[in-house]
Amino acid sequence: MDAPDPKHTPPISATGILTQFGPNIIHENLDFEINRGEVVGLVGGSGSGKTVLMNTLLGLKEPEAGELRYFGKRRADLNADEEMSLKNDMGVLFQGGALFSSLTVRQNIMVPLIEHHDMSQDLMRELADMKIHMVGLPPESAILYPADLSGGMKKRAGLARSLALDPQILFLDEPTAGLDPIGAHAFDTLILKLREAMDLTVLMVTHDLDSLYAICDRVAVLVDKHIAVYDSLDVVAKYDHPWVQEYFGGPRSRAAMATPGHKKSMKGAASMRAAAGL
Amino acid sequence: MLSTPAIYDVSLQGTRLIVKAHGHWTVETAASVFERLDADYDALNYESVEYHLQGVEALDTAGAYILTKAVRVADVCKSWELIGGTPSQQTLLSVAADCQMGDPPRSKHQWIETLDRLGRATVRFADETFATLSFIGQFFVMFFGVLIRPKRMRLKSIIALMEEVGLDAAPIVAVLAFAIGAVIAYMGANLLGALGFSVFMVDLVGISMLRELAGVITAILIAGRSASAFTAQIGAMKMRQEIDAMTVMGLDTFETLVIPRAIACLLTLPILTFLAMISGILGGLIVAWVTETQISPFLFLSRLQEMVDIKHFWVGMVKAPFFAIVIAIIGCRQGLAVSGSVDSLGSRVTTAVVQAIFAVILIDALFAILFYQLGV
């Protein structure tokens, strides 16, 4: 198989995806591609199939038609070993965190390590603690159970678990939903920091306009069963489609855009913390 | 992918530790040098560390973590420095260097743990008993309240629940009772046939099915089937805050969830018990007919009528409503006791089934004593 330079093949590319539930067509002729090192935001109205698209890209749902390529290779051509290593290259943060409720935070993070790597318990525990540290949770939280965590902490713990195997691609399903603005901004900053440290490619399904403005390199809009526009936020916001105009032209969007120095700045976070008296 | 192993080289310049890393420092390769590197770090006396990353081809969090072990011994290492490496490798290494370890897992001393669990179980038993008793009290207050004002009875949900508890369970109850009736008849045919009294198997089947088995088997089956279903349904509603929503809307959870279930059980369990009696006797009848005892159905039925008093039927039937109420109360109470986690739902369902079956057998035993004393 011809293997072009892995630095330039897109980690994920989907062409002509058709997704259907019975007579209900969700995606039709959908093309989507993520470049290496990008943070891509996926937006769309409720019920437009954002989560379904994410599940399709994750391999949780087989599309009815179309082709999925990962690092240049077609999913259908992968053998069992390659499929497993692909799965290890993808980390997911589900909406509610999806932590195993009978395990402590540390044990949750150790699950993928135990399954896929052969190393001593001590090292595994220490690596789990390092992930806990990396997502900004206090060290004491290692022995807590998910039921003892707040919403924001659950998301961070879920993120730590999704990073356990050092994935190349990170999927985030509504990462900032249900967080207060300070927590949400801190989470955004965290994603940027982790991308830098771990060389991540990030796909983020989100409704949070602040997040879109703060950290996304490109934004894909899922309307009318396909990706209607996929570009930097400034271009997307000007795109001529009623839904897009309503979404980005609404008062919330304008407020988010007005945040001083919104694009990729830590200043935003600092000013917000200052405003909150921290 | 072929990867070169993790290679390192440590040397000491005065109090400065020089660590030169080469190759792949990833989770697959670095774990193998973890202990060796750790021992090397321990053996040397240093106050500051210098990392040379020029030779590193790949670095992930595990690799960075293992490399920076030297820095994290805080009372030893005062400063550290990085030479070479890509910006992302440098970020990763500095993140790894200042990472703090969490608390160790809670220690487990076997016997302390055992005592701890014993103590907790005792307290829980007391709490559970108290909560069940207060639940029963609350239940009867509400139950008679609803009986006085039948308008508050929720007919629709009662009928839907009767289908679920009664009609859907009818086939399994009938088959099970049939099988048990047949088994008893076989035993009778064997034991009594050897003495030449094989016709007494009619009495055996009739009395045992009517008096004890039909009622108990049905109740145990419904305890396993419906008590668990009640707990799971109400527990899932509790977990999704539906119960809270109802309370806020001013709907009484007892009136909407518990009472309809109790009434559905109360109405269906006697019917199911009756079905089990018929089915069990039918099983006995067929076995008596087809085996070498060759008691014809006509003879079987006429002897049944002659020898088995109607009081046995009433003894069996009168217990059914008690079983019904107890099963419904236990199922609902465990459902409402579910807290937020998935674990608690699972353990509550188990508790509900165990308690319900236990209660059914206990009540049956109490009735046996009562009827014996009364001479019934």
Among the residues of segment B:185-200, write down those that are part of a helix (DSSP H, G or I) and out of contact with any Leu (no Cβ under 6 Å at 6 or more places or on another chain). B:185, B:186, B:187, B:189, B:190, B:191, B:192, B:193, B:194, B:195, B:199
Given the criterion assigned by TED's automatic domain parsing to the domain that holds residue B:307 and more than 30 Å from the chain's Cα centre (by Cα), identify the matching residue among B:141, B:146, B:173, B:165. B:146
Is it true that residue B:203 is among the acidic types (Asp, Glu), assigned by TED's automatic domain parsing to the domain that holds residue B:279, in a helix (DSSP H, G or I) and in contact with a Leu (Cβ under 9 Å, 6 or more places away or on another chain)? yes
What number of residues in segment B:17-41 are more than 9 Å from chain A (Cβ to nearest Cβ), open to solvent by 20 Å² or more (accessible area, probe 1.4 Å) and over 11 Å from residue B:58 (Cα atoms)? 5
Within the bounds of segment B:161-171, is there any residue that is open to solvent by less than 60 Å² (accessible area, probe 1.4 Å) and touching a Pro at 6+ places or on another chain (Cβ under 6 Å)? yes
Residues (farther than 20 Å from residue A:216 by Cβ and open to solvent by 50 Å² or more (accessible area, probe 1.4 Å)) located in segment A:40-65: A:47, A:60, A:62, A:64
Surrounded by 14 or more Cβ atoms within 10 Å (Cβ to Cβ), among the acidic types (Asp, Glu) and outside any strand (DSSP E or B), is that true of residue A:33? no
Just name the residue that is nearest to residue A:106 (Cα to Cα) out of those in segment A:159-193 that are charged (D, E, K, R) and either more than 14 Å from chain B (Cβ to nearest Cβ) or assigned to a helix (DSSP H, G or I) (or both). A:161
Across segment A:159-198, the tally of residues that are over 12 Å from the mean Cα position of the chain (by Cα), buried (at least 19 other Cβ atoms within 10 Å of the Cβ) and acidic (Asp, Glu) stands at 1
Can you tell which of B:266, B:285 is within 26 Å of residue B:336 (Cα to Cα), in a helix (DSSP H, G or I) and open to solvent by less than 60 Å² (accessible area, probe 1.4 Å)? B:266
I'm checking my understanding of the structure. Among residues of segment A:133-158 that are within 11 Å of chain B (Cβ to nearest Cβ) and open to solvent by less than 40 Å² (accessible area, probe 1.4 Å), which one is farthest from the chain's Cα centre (by Cα)? A:143
Scan segment A:217-249 for residues that are assigned to a helix (DSSP H, G or I) and either among the acidic types (Asp, Glu) or under 20 Å from the mean Cα position of the chain (by Cα) (or both) and report the count. 4
Kindly check whether there is at least one residue in segment B:292-306 that is within 15 Å of residue B:128 (Cα to Cα) and away from chain A (no Cβ under 14 Å). no
Can we say residue B:76 is buried (at least 16 other Cβ atoms within 10 Å of the Cβ), farther than 22 Å from residue A:112 by Cβ and either modelled with pLDDT under 80 or within 14 Å of chain A (Cβ to nearest Cβ) (or both)? yes
Among the candidates B:315, B:360, which residue alone is within 18 Å of residue B:216 (Cβ to Cβ), more than 26 Å from the chain's Cα centre (by Cα), aliphatic (A, V, I, L, M) and open to solvent by less than 20 Å² (accessible area, probe 1.4 Å)? B:315
Quick check, is residue B:82 surrounded by fewer than 20 Cβ atoms within 10 Å (Cβ to Cβ), farther than 24 Å from residue A:134 by Cβ and in contact with a Leu (Cβ under 8 Å, 6 or more places away or on another chain)? no
Among residues belonging to segment B:42-71 that are among the polar types (S, T, N, Q) and open to solvent by 10 Å² or more (accessible area, probe 1.4 Å), point out the one that is nearest to the other protein chains (Cβ to nearest Cβ). B:54
May I ask you to list the residues in segment A:199-216 that are in contact with a Ser or Thr (Cβ under 7 Å, 6 or more places away or on another chain) and within 14 Å of chain B (Cβ to nearest Cβ)? A:199
Residue list for segment A:86-120, filter: at the interface with chain B (Cβ under 10 Å from one of its Cβ atoms) and either open to solvent by 60 Å² or more (accessible area, probe 1.4 Å) or not in a helix (DSSP H, G or I) (or both): A:100, A:101, A:102, A:104, A:107, A:116, A:117, A:118, A:119, A:120
Report every pair of residues separated by at least 6 positions or lying on different chains whose Cβ atoms are under 9 Å apart, first residue within segment A:167-179 and more than 19 Å from residue A:113 (Cα to Cα), second among the charged types (D, E, K, R) and open to solvent by 40 Å² or more (accessible area, probe 1.4 Å). A:176/A:210
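The values are calculated or read from the model by the stated rules, or taken from the named source; none is laboratory data. Because the structure is predicted, anything quoted here is derived from the model rather than measured. Here the Cβ is made from the backbone with ideal geometry for all residues, glycine too, and neighbour counts use every protein chain on show. Just the protein is used for accessible areas: all its heavy atoms, side chains included, with ligands, DNA and RNA removed. Shrake-Rupley method; radii C 1.70, N 1.55, O 1.52, S 1.80 Å.
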